[in-house]
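Comments concern the structure below.
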Amino acid sequence: MRVLVTGGAGFIGSHLVKRLLAAGDDVVVLDKLTYSGNTANLPLDSVEFLEGDIAVAADVERAARGCDAIVNFAAETHVDRSILGATDFGRTEFFGTQVLLEEVRRSGQRFVQVSTDEVYGDLEAGGFSTEEDPLRPSSPYSVAKAAGDLHIPAYVRTFGVNASITRGSNTYGPNQYPEKLIPLFVTNALDGEPLPVYGDGKQIRDWLYVEDHCSGIELVLREGKPGEAYNVGGGNEHENIEVIELILELTGADRSLLRHVEDRPGHDRRYALSTEKLQRVGWRPSRDFREGMRETVEWYRANRAWWEPIKSGEFRRYYERQYAQRLRASTSSPA
Ligand code: NAD
Ligand code: TYD
């Protein structure tokens, strides 16, 4: 099969690209190379790489020519950045997904929309989100993702396209741009920089190793039903502070680096997914959380050449804007 992977130069997309190549598929990558897109994530001699935008129909048409399937990872992906300004999020997530579906409607490719558990919103009271739950997004990022998702059942119903959705939980592993909790804290810990914990640090996320996320997406690509959504969750619920303690242990960093800072506005307390539906199709996550974290820390330790240039560029300006004031007012225990 020839597969177009949009956003394939990013973290999760680049892992799916390698997985598809190993399975014998041909892969085309269309990526805008925003701040988080990085061709160093890709085996460029084995894929056809096109720089371009999913929100531009001519770019999509050119990339999709001759493809049997499209898997859409392209997105603005960081909640904190969406709070600083969300225009690009709506453009890529909502309008870009629509442009892709117009191509699918015309040319008939199989389509998988890679989405997130964050579209279900907060689960502070307990329980697990199922695919039937209403979408209650609460950050500008998750609103944009939910808006993109809404196209899929509408295009299936109206035009009969062959499209499904995956909703993954918080993903970690090698090659993740160092702005999200785990890669930011691992690289800061390795550099002896402060670890800025939002609020009390008792928020809960369900952590999923990137290879397990990709095996779920691949299964949905090959066997998912049109119009259906499939949750892909790690079954590893942890408070942030537990994850941070593990990072301190695995990096050997001093716990004085830990700083409690002003909370993220609108911060969702807990996400957790029911994955029974995908398990019925045969999927199981295989990576133990501690083992996955050990491998991830070792990857960042061994690959400074990958992340040091990133942390000195555009990232620096973002980091100052997001953290400088917070760190000046930080405390060593929750306020
Ligand atoms: P990432 O930020 O590492 O990668 C996003 C990629 O999309 C980048 O390569 C970027 O250049 C590209 N891109 C952005 N706008 C584009 C556009 N308009 N046209 C073409 N390319 C564009 O993000 P990631 O963590 O790999 O996330 C990939 C997908 O998985 C996203 O859709 C995200 O919502 C979803 N997801 C992520 C997580 C997670 O924990 N990281 C969890 C669940 C779902
Ligand atoms: P993040 O990795 O940004 O993923 P998401 O917000 O999409 O779940 O954040 C994971 C958790 O870590 C979330 O509860 C916010 C928290 N967090 C911090 O405490 N400090 C930080 O600097 C970052 C980036 C996140």
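The values are calculated or read from the model by the stated rules, or taken from the named source; none is laboratory data. None of these values were measured; they are calculated from a predicted model. With ideal geometry, Cβ positions are generated from the backbone for all residues, glycine too; neighbour counts draw on all protein chains shown. Surface areas here come from the heavy atoms of the whole protein model, side chains and all, with no ligands, DNA or RNA. Shrake-Rupley method; radii C 1.70, N 1.55, O 1.52, S 1.80 Å.
Values as computed for the structure displayed
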item: Y318-Y35 pseudo-label distance in nm [points 7 Å out on the Cα-to-Cβ vector]; result: 0.4 nm
item: For segment 134-256, share of DSSP beta bridges that run antiparallel, in % to the nearest 5; result: 35 percent
item: Neighbour net charge for T39 - beta-carbon separation under 14 angstrom, K R +1, D E -1; result: -2
item: Gyration tensor verdict on segment 220-335 (Cα atoms; rounded if a/c is under 1.5, prolate if a/b is larger than b/c, oblate otherwise); result: prolate
item: Relative packing of 109-117, 306-314, which averages over residues the other C-beta atoms within 10 Å, highest first; result: 109-117, 306-314
item: Distance violations [Cα-Cα > 25 Å] among K32/K145; K180/K225; K202/K225; K145/K180; K32/K202; result: K180/K225; K202/K225; K32/K202
item: Test item: Cα-centred dipole of the chain, Lys/Arg +1 and Asp/Glu -1 on Cβ, debye; result: 260 debye
item: Tensor-based shape of segment 2-103 (alpha-carbon gyration tensor, a/c under 1.5 rounded, otherwise prolate or oblate); result: oblate
item: Computed label-point distance, nm, for sites E298 and Q325 using a 7 Å Cα→Cβ extension; result: 4.2 nm
item: MRE, 222 nm, helices only [DSSP H, n ≥ 4, -39500 (n - 2.57), over the chain, to nearest 500]; result: -12500 deg cm²/dmol
item: Rg [Å, one decimal], Dmax [Å, integer] - the chain, C-alpha atoms; result: 19.1, 57
item: DSSP bridge orientation in the chain - percent antiparallel, rounded to nearest 5; result: 10 percent
item: Accessible-area composition of the chain, carbon plus sulfur, in percent [1.4 Å probe]; result: 48 percent
item: Overall form of segment 32-187 per C-alpha gyration tensor (a/c, 1.5; a/b vs b/c); result: oblate
item: Residue-count net charge about S164 - beta-carbon cut-off 9 Å; Lys, Arg +1, Asp, Glu -1; result: +1
item: Peptides 3-9, 282-288, 179-185 ordered by average Cβ neighbours within 10 Å, highest first; result: 3-9, 179-185, 282-288
item: Cβ-Cβ FRET estimate between E276 and A154, R0 fixed at 25 Å, reported to 0.05; result: 0.45
item: Ordering of 127-139, 158-170, 322-334, 18-30 by packing [mean C-beta count within 10 Å, highest first]; result: 158-170, 18-30, 127-139, 322-334
